[in-house]
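Working notes, structure below.
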Amino acid sequence: MPFARISLLKGKSPDYLSALSNGIHQAMVETFNVPPADRFQIIHQHEPGELIFDRNYLAGPRSDDFVLIAITAGKPRTTETRKAFFRRAVELLRQSPGLRPEDVMIVISTSEPDEWSFGDGLAQMAEPGWEAACPESSGMSAANPETMTIRRAGNAIRSREGISNAPFWVEMLLDSQIEGENTAMRATLEPGTVTNWHTHPRGQLLYVLSGVGLVQRKHEPAEEVRAGDAVWFAPDELHRHGATADSPFSYLSIQGIEKGRFVDWHDGKEQQP
C-alpha cells in the first residue's frame with residue numbers, strides 16, 4: 001500500500017528511472033512486508049530551480065543526482081523497521097542506478113485506512129474483511145509469521161532509541177504492527193547503559209539471557225536481575241532497565257501492539273523522585 005513520490009532533476013535515462021523505481025520498491029518488499037504487486041509510484045523530474053535542497057544539511061555533500069523520496073504508508077512501522085528500510089534502499093540504489101548514499105533523502109508519513117481509495121469511489125481498506133477479500137494485500141500490515149520460522153542469530157543492529165547515554169544492540173524477532181499481536185526482541189546493553197523511562201500499552205515480559213542487569217519501576221528502588229530471571233511490567237507501568245556498571249546485560253523481551261505501537265518513551269532526563 002505505500003505510495004512513493006520520487007523527485008529528481010531532469011536528464012536521467014529511462015533505464016536510470018526504472019532502476020530507481022525498482023530499488024525503492026524492492027526495499028519496501030524486503031523490509032516493510034509489502035506484497036510485490038503492491039506498487040504505486042510517481043516520478044517527478046524537475047527543471048533546475050524547481051527542486052530546492054540544501055547541499056549539506058545533516059548529511060552530504062549532495063550533488064545534482066539528489067533524489068527526494070516521499071512515502072505515504074498505510075500502517076505505522078517501528079523505528080527499527082524504518083531504519084532497516086532506509087539502509088536497504090540506500091544499498092540497492094547504490095548498486096543501481098549508482099546513487100551515492102549522500103544523495104538519497106527519504107521521508108515517511110502514515111495515514112488511516114479510510115484515507116485510501118483504490119477505485120470505484122470506495123474506501124476499500126475501511127470495509128470489514130477487506131484483507132480476506134484481497135489476500136495478496138494482506139502483507140501491507142506487518143504481521144507475525146503464519147508458519148514455523150527460524151530467525152538466525154547475527155541480525156542485531158545498533159540503536160539509540162530510548163537510550164540517553166549509549167547505543168545498544170537490538171534484534172527484532174517478531175516485528176508486527178497488527179493490533180493485539182506481539183513483538184519480541186533480543187537486546188544487549190553495554191555496561192552502565194540504562195534505558196529512558198518508558199511504558200508499554202500492553203505490558204512487557206523481560207527474560208534475562210546473560211549478564212547482570214537492573215530493573216526499576218517509578219518510585220521504587222532498582223533491583224538486580226541475572227540470567228534466568230523473568231520480569232513482568234504491567235500495562236502503562238513506568239519503568240526502566242539497564243546494565244550494571246561492570247557487566248553487559250542481554251535480555252529477551254515480549255510486548256503487545258496497541259494502536260500501532262508497543263512502547264512509549266518518556267523524557268530521558270526524568271529522574272527518580
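Computed from the coordinates by the stated procedures, all read-outs in this text should not be read as laboratory data. Being a predicted model, the structure only gives us computed values, none of them experimental. FYI the Cβ positions are ideal-geometry reconstructions off the backbone, even for glycines, and counts take in every protein chain you see.
Rounded to the nearest Å, what's the spacing between the alpha carbon centres of region 1-46 and region 195-221? Just the number, please.
With region 1-46 and region 195-221 each reduced to a Cα centre, they are spaced 41 Å.
Quick check for you: which residues of region 180-224 have the amide N under 12 Å from the point 7 Å beyond the Cα of Met148 toward its beta carbon?
Within reach of a label on Met148: no residues.
Shape verdict for region 179-273, please, from the Cα gyration tensor: rounded (a/c under 1.5), prolate (a/b greater than b/c) or oblate.
Note, shape of region 179-273 comes out oblate.
Kindly state, to the nearest 0.05, the FRET efficiency for Glu115 paired with Arg5, given R0 = 22 Å and r defined as their beta-carbon distance.
Rounded to the nearest 0.05, the efficiency is 0.90.
Expected output is a single nm value to one decimal: the length gained when fully extending between Arg55 and Tyr207, i.e. 0.36 nm times separation in residues minus the C-alpha distance. What is it?
That works out to 50.1 nm of additional length.
Where in region 91-112 does the label zone of Ser63 land, with the point 7 angstrom along Cα→C-beta and an amide N cut-off under 17 Å?
Of the residues in region 91-112, 91-105 have backbone N under 17 Å from the label point off Ser63.
Using a Förster distance of 25 Å, how high is the FRET efficiency between Glu102 and Trp265, based on the Cβ-Cβ distance and rounded to 0.05?
The pair Glu102/Trp265 has a calculated efficiency of 0.30.
Step through the table entries Lys10/Lys75; Lys83/Lys259; Lys75/Lys218, compare each Cα-Cα distance with 30 Å, and write down the pairs that go over it.
Exceeds cut-off: Lys10/Lys75; Lys75/Lys218.
Give me, ordered by chain and number, the residues 5 or more places off Trp116 or on other chains with an amide H under 5 Å from its own placed amide H.
HN-HN under 5 Å from Trp116: empty list.
Using a 10 Å cut-off on Cβ atoms, rank the peptides 110-120, 60-70, 11-21 from the highest mean neighbour count down.
60-70, 11-21, 110-120
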